[in-house]
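First up is the structure itself, then whatever we jot down about it.
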Amino acid sequence: MHAIVVGGGITGLAAAHQLLAAGLRVTLLEASDRLGGKLRTGRVAGVQVDLGAESILARRPEAVELARAVGLGEALRPPAVTSAAIWTRGALRPMPQGQVMGVPATAAALTGVLSDAGLAQIARDTELPPLQLGEDVAIGRLVADRMGHEVVDRLVEPLLGGVYAGDAYRISMRSAVPKLFEAAHEHDSLLAAVRSLQRAAPQRPPGEPVFNGIEGGVGTLAEAVARDCRAKGAALETGVSVTGLRRTARGWAAALDDGRSLVADGVVLAVPAAAAARLLAAEAPAAAGELAAIEYASMAIVTLAFRRAELARLPRGSGFLVPAVDGKVIKAATFTSGKWDWAAGADPELFLLRTSVGRYGDEGPLGWEDAELVRAALDDLGEAAGLTAKPVDALVTRWVNGLPQYPVGHAARVARVRSFLSGLPGLRLCGASYDGVGIPACVAGARQAASELLRTLPTGRREEAGE
């Protein structure tokens, strides 16, 4: 039995890996010239670093399990430091503890981040009528109504912006912070909901990290999965676009831009929503219409290398976030050589860091030349952290339409898409556009799509695959 996976990011690679484990013959097709999607490594001043995603949420098991399955278990590394900051009101201030994606459980520890008036507004949450959320709500609007705009602008927005590069006043609470959304349905106030989550949070065993990296960069995960898939007989092709999908008597036929047509029993679409919409336009026009409406944000990462000897002082902690309301160009900085021991050890004479630029609705700087982005990042770093040295190397990596947006109603939209596709046996959809943008969520979605695909195939063909 043969399955085609369209898309060679970590989602598509994880789906291929799962299908191979079930005994299928797999062909993976990737339109670009490389596999890995938003997982990508490169060299800056000779040091290999991540140019895309650079950490894995360790509290979810899926990505860590995949890393171990492809031989990277010994390469998993927790951060050397975990203390982060917010650059706001003219200073780097410690990231407040006791909050869930910026929504606080108390005003304590927020002095300096919020004004006195902003601090006073937090307690107002318990004086308002009980929460009534409905099917979904924008987290920024809800928090602003209950606790004031300062909490959103200086806490929620930079934290959510670091994940989605989005607008907190549009982002779906149900999709982006589902546990808080569920807790808020059970309590009268946001303060009570956050406190209930803190009480219910399982205690991590000593030494168990919240996040993991991988020696050599998280981008090596995609490379390792690809190697493992090839070793198991998968055909992984890059530079090949699927231009159309058509149902056949036995399954599906994929038309390729090189003139070939591949026939398969099943197809997994692990591509961004716009690409999936084009491929589904003929066979599932209603689903295609919904997918075409999903929006994306673009961003850029500016990676810089400095000589340690030329730094007046080394940046401390893992990095900092920047509220959009403060009007800076960068939205975050990660001190790579401080956060990851493996990066520091690769060249002890260098200190590497990276900044990110670009938010939904504020992508003007992405039109600048690379040199302009580097200068802007250096200006902000100088103001925030006192960095005045000149970098010995710099690299700008642009992720055009790289981050899907999850506005209010996103979960309902995804449910409608899957309902439309449920009548098409042998076809499933997965990826960051649907159920979460983090690596574990993408791996989990890939596994679910592969498992569902197998269940939709006729019994005889499942037996051929060894089920």
Taking the options Gly233, Gly217, Gly213, name whichever one is in contact with a strand residue (DSSP E or B) (Cβ under 9 Å, 6 or more places away or on another chain), closer than 30 Å to Gln99 by Cα and either in a loop (DSSP other than H, G, I, E, B) or of a type in the set (D, E, K, R) (or both).
Gly217
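Determine whether Ser115 is under 23 Å from Leu381 (Cα atoms) and surrounded by fewer than 21 Cβ atoms within 10 Å (Cβ to Cβ).
Considered against the rule, which asks whether it is under 23 Å from Leu381 (Cα atoms) and surrounded by fewer than 21 Cβ atoms within 10 Å (Cβ to Cβ), Ser115 comes out as no.
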Inside segment 362-374, can you point out the residues that are more than 22 Å from Pro323 (Cβ to Cβ) and part of a helix (DSSP H, G or I)?
Gly367, Asp370, Ala371, Glu372, Val374
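Within segment 337-348, does at least one residue satisfy the condition of being outside any helix (DSSP H, G or I), surrounded by 15 or more Cβ atoms within 10 Å (Cβ to Cβ) and not assigned by TED's automatic domain parsing to the domain that holds Ser241?
First pass over segment 337-348, keeping only residues outside any helix (DSSP H, G or I): 340, 347-348.
So of that shortlist, the ones also surrounded by 15 or more Cβ atoms within 10 Å (Cβ to Cβ) come out as 340, 347.
Next, from what is left, pick out any that are not assigned by TED's automatic domain parsing to the domain that holds Ser241: 340, 347.
Checked segment 337-348: at least one residue is outside any helix (DSSP H, G or I), surrounded by 15 or more Cβ atoms within 10 Å (Cβ to Cβ) and not assigned by TED's automatic domain parsing to the domain that holds Ser241.
For segment 422-435, give me the residue count where each residue is in contact (Cβ under 8 Å) with a residue 12 or more places away in the chain and not in a helix (DSSP H, G or I). Break it down into steps so the answer makes sense when it comes.
Looking only at segment 422-435, we keep the residues that are in contact (Cβ under 8 Å) with a residue 12 or more places away in the chain, and these are 424-435.
Now drop any that are not not in a helix (DSSP H, G or I), which leaves 424-431.
Result for segment 422-435: 8.
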Any residue at all in segment 72-91 that is at pLDDT below 95, buried (at least 20 other Cβ atoms within 10 Å of the Cβ) and over 21 Å from the mean Cα position of the chain (by Cα)?
yes
I'd like to check something: does segment 106-121 contain any residue that is touching a strand residue (DSSP E or B) at 6+ places or on another chain (Cβ under 6 Å) and within 30 Å of Pro365 (Cβ to Cβ)?
yes
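Results for (1) assigned to a strand (DSSP E or B); (2) farther than 19 Å from Gly161 by Cα; (3) without any contact (Cβ under 8 Å) to a residue 24 or more places away in the chain; (4) touching a Leu at 6+ places or on another chain (Cβ under 8 Å), shown as yes or no for each residue.
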{"residue": "Thr388", "(1), (2), (3), (4)": "no, yes, no, no"}
{"residue": "Leu395", "(1), (2), (3), (4)": "yes, yes, no, yes"}
{"residue": "Arg398", "(1), (2), (3), (4)": "yes, no, no, yes"}
{"residue": "Leu403", "(1), (2), (3), (4)": "yes, no, no, no"}
{"residue": "Ala415", "(1), (2), (3), (4)": "no, yes, yes, no"}
{"residue": "Phe420", "(1), (2), (3), (4)": "no, yes, no, no"}
Go through the residues of segment 85-99 one by one and say whether even a single one is assigned to a loop (DSSP other than H, G, I, E, B) and touching a helix residue (DSSP H, G or I) at 6+ places or on another chain (Cβ under 6 Å).
no
When both residues are 6+ apart or on different chains and their Cβ atoms are under 6 Å apart, which pairs have a first residue that lies in segment 356-371 and is on the phi > 0 side of the Ramachandran plot, and a second that is in a helix (DSSP H, G or I) and surrounded by 14 or more Cβ atoms within 10 Å (Cβ to Cβ)?
Gly358/Leu366
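Restricting to segment 245-268, count the residues that are among the small types (Gly, Ala, Ser) and either closer than 24 Å to Gln448 by Cα or outside the structural domain of Thr11 (by TED's automatic domain parsing) (or both). Full working, then the answer.
Taking segment 245-268 as the starting set, the residues that turn out to be among the small types (Gly, Ala, Ser) are 249, 251, 253-255, 259, 261, 264, 266.
Subsequent filtering for residues that are either closer than 24 Å to Gln448 by Cα or outside the structural domain of Thr11 (by TED's automatic domain parsing) (or both) retains 251, 253-254, 264, 266.
Summing the residues that are among the small types (Gly, Ala, Ser) and either closer than 24 Å to Gln448 by Cα or outside the structural domain of Thr11 (by TED's automatic domain parsing) (or both) in segment 245-268 gives 5.
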Scan of segment 363-381 for residues that are over 28 Å from Gly216 (Cα atoms) and surrounded by fewer than 16 Cβ atoms within 10 Å (Cβ to Cβ), ordered by number
Gly364, Gly367, Glu369, Glu372, Asp379
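Filter segment 189-228 down to the residues that are of a type in the set (S, T, N, Q) and within 23 Å of the chain's Cα centre (by Cα), then identify the one that is farthest from Ser55 (Cα to Cα). Can you show your working first?
Of segment 189-228, the ones of a type in the set (S, T, N, Q) are 189, 196, 198, 203, 212, 220.
Those left that are additionally within 23 Å of the chain's Cα centre (by Cα): 212, 220.
Details: Asn212: 6, Thr220: 12 Å.
Among those residues, the one meeting the criterion is Thr220.
Quick one: which of Tyr406, Tyr360 is of a type in the set (Phe, Trp, Tyr) and touching a Phe, Trp or Tyr at 6+ places or on another chain (Cβ under 7 Å)? Working first, answer last.
On the way: Tyr360 fails: touching a Phe, Trp or Tyr at 6+ places or on another chain (Cβ under 7 Å).
On inspection, the qualifying residue turns out to be Tyr406.
The values are calculated or read from the model by the stated rules, or taken from the named source; none is laboratory data. The model shown is predicted, which means the values in this text are computed figures rather than measured ones. Quick reminder, even Gly has a Cβ in these numbers, built from the backbone with ideal geometry, and neighbours come from all protein chains shown.
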